[in-house]
1. Filter the helices (runs of 4 or more DSSP H) completely within the stretch 268-381 down to those with at least 3 residues that are touching a helix residue (DSSP H, G or I) at 6+ places or on another chain (Cβ under 7 Å) and among the small types (Gly, Ala, Ser).
2. Of everything in the stretch 388-405 that's of a type outside the set (D, E, K, R) and in contact (Cβ under 8 Å) with a residue 40 or more places away in the chain, which residue is surrounded by the fewest Cβ atoms within 10 Å (Cβ to Cβ)?
3. Return the pairs, sorted by first residue and then second, in which the second residue is surrounded by 19 or more Cβ atoms within 10 Å (Cβ to Cβ) and outside any helix (DSSP H, G or I), the first residue lies in the stretch 338-359 and is charged (D, E, K, R), the beta carbons are less than 6 Å apart, and the residues are 6+ apart or on different chains.
4. Among the candidates 345, 367, single out the residue that is surrounded by 17 or more Cβ atoms within 10 Å (Cβ to Cβ), over 23 Å from the mean Cα position of the chain (by Cα) and not polar (S, T, N, Q).
5. Restricted to the stretch 136-161, and to residues that are among the hydroxyl-bearing types (Ser, Thr, Tyr) and within 14 Å of residue 119 (Cα to Cα), which residue is modelled with the lowest pLDDT?
6. Looking at residue 232 and the list (1) of a type in the set (S, T, N, Q); (2) assigned by TED's automatic domain parsing to the domain that holds residue 116; (3) farther than 17 Å from residue 112 by Cα; (4) crowded, with 16+ Cβ neighbours inside 10 Å, which single condition is not satisfied?
7. Any idea which of 73, 39 is at pLDDT below 95, within 26 Å of the chain's Cα centre (by Cα) and of a type in the set (Val, Ile, Thr)?
Amino acid sequence: MKADLIGRLKDVVGPSGVVTDPAEMAGYLTDWRNAYAGTAAAVVRPASTDEVARVMRLCHRAGVAVVPQGGNTGMCGGAVPDTSGRQLVVSLTRMRRIRGLDVANQTITVEAGAILQAVQEAAAGSGKLFPLSLGAQGSCTIGGNLATNAGGTGVLRYGTMRDLTLGLEVVLPDGRIWNGLRGLRKDNTGYDLKQLFIGAEGTLGIITAAVLKLFPAPRSRATAWVALPEIQAAIDLLGMVRDVAGDRLTGFEIMSRQSVDFVLRHSPAARDTFGDRHLWYALVELSDSLPAAGLDEVIESALESAVQRDLVVDAVIASSAAQAAALWALREGISEAQNHEGPSLKHDITVPISSIPAFVQRTDQELEKAAPGIRIVTYGHAGDGNLHYNLSKPLGSDDDDLSAQAADLARIVYDQTLACYGSISAEHGLGQSKLGIIADYKDSCELALMREIKQQFDPRGLMNPGKVVPV
């Protein structure tokens, strides 16, 4: 990259807004799992939409490719540059403002670099709820959540980021600014352009701000940790709780015993809820905006019926907010705990809810045949069919053995996903990790349309090249 371009970028964002020192850039060039690493000519940190637009105009004229980045907490390498050293990382982390909160319209307008937890807290300060919740909420950004169409634990009731977003502000590859920050629930004036950018992982433009939906804050909750004899019981229990609780069912998470074992082993504060080991567990949460909604009684009734049908082996209902938080920590600590077991293979799939038991049974069997002793860490959002189907090496084996089998094991998982009419990416995106295989699992016409859209928005191929859209 020419020195004069670096100088012009500094004129736009200020000298402190351009990082070229290798040591200072290191955190921007590797993902948090150390699974992907690249190099870059520089990291640029604009502080406003206007600065993003000016940066993009300079890069467009110079033919320099750009990799947008938020909190860099992704799982698929979508925010990591390649190894050419010619790309520019554009970090949105200086753009953290809450631009406005409209209580009457139930919306909050935030910049892309705002930390998810900060948005949750801003909503709570006005007695409202922004319901997206996931393990990385203390470090992930709204822009990254939008770029990957994040889901999290509340999808069952509130939906993904697509459902939570009313409007966007986007800087296009040539530096034009599309101001679509309209907090409207009805706007039938043409194509819903925001949906093109949500889930696009920065390949069509850079999201700089968003209008997000708010909801009444829950004033009562009931949280239960449930031991299950088999995974089919989880699906049956989900249906029973839905029938009884309706839309008060906020979360329904399932976890294999292997998942819980990792948390108990590596999280000092974690405690095994029951004295006996069980094959599967469910974390069930109800919530209501009424302060005394009788949710404990609702969940107790559902669990009693489930026990009578031999769907539940044991259960405990949290008696305090602290106990509920401890139960959630068992679920949310799985990903981090697995990292302590060495390299892992992450698979984020979705299948119809009714297909979850058959998928798990067949996939477990095929994986065990291919890699005897493989430790399968299965957990996820059963309420929307999203499973994190992660693999750790067999005890006593080498890290390199798992790496050598990665492609074959992924094929097993994805072939079974396809057999269940599912998707090989539910909420983590494609990034660079699935770019080479997505053509085998996605309709050819659909891929062709994606390429045409990419060509229309980014004909020079400068927006996050090598991600999402196969050439």
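1. Of the helices (runs of 4 or more DSSP H) lying wholly inside the stretch 268-381, those with at least 3 residues that are touching a helix residue (DSSP H, G or I) at 6+ places or on another chain (Cβ under 7 Å) and among the small types (Gly, Ala, Ser) span 295-308.
2. The first filter runs over the stretch 388-405 and keeps only residues of a type outside the set (D, E, K, R), leaving 388-392, 394-397, 402-405.
Applying the additional criterion that residues be in contact (Cβ under 8 Å) with a residue 40 or more places away in the chain yields 388-392, 402-403.
On the way: 388: 22, 389: 24, 390: 24, 391: 25, 392: 21, 402: 20, 403: 12.
In this case the residue turns out to be 403.
3. What qualifies is 341/392; 346/75; 346/390; 348/388; 348/425; 348/426; 348/428.
4. From the options 345, 367, the qualifying one is 367.
5. Restricting attention to the stretch 136-161, the residues satisfying the condition of being among the hydroxyl-bearing types (Ser, Thr, Tyr) are 139, 141, 148, 153, 158, 160.
Keeping just the survivors that are within 14 Å of residue 119 (Cα to Cα) gives 139, 141.
Details: 139: 94, 141: 97.
Looking at the filtered set, the residue picked out is 139.
6. With (1) of a type in the set (S, T, N, Q); (2) assigned by TED's automatic domain parsing to the domain that holds residue 116; (3) farther than 17 Å from residue 112 by Cα; (4) crowded, with 16+ Cβ neighbours inside 10 Å applied to residue 232, the lone miss is (2).
7. Answer to the selection: 73.
Residue-by-condition table, conditions (1) of a type in the set (Gly, Ala, Ser); (2) touching a Phe, Trp or Tyr at 6+ places or on another chain (Cβ under 6 Å):
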position: 92; (1), (2): no, no
position: 99; (1), (2): no, no
position: 106; (1), (2): no, no
position: 110; (1), (2): no, no
position: 116; (1), (2): no, no
position: 119; (1), (2): no, yes
position: 123; (1), (2): yes, yes
position: 135; (1), (2): yes, no
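The values are calculated or read from the model by the stated rules, or taken from the named source; none is laboratory data. Keep in mind that this is a model prediction, so the values were computed, not measured. Here Cβ is always computed from backbone atoms with ideal geometry, including for glycine, and neighbour counts include all displayed protein chains.
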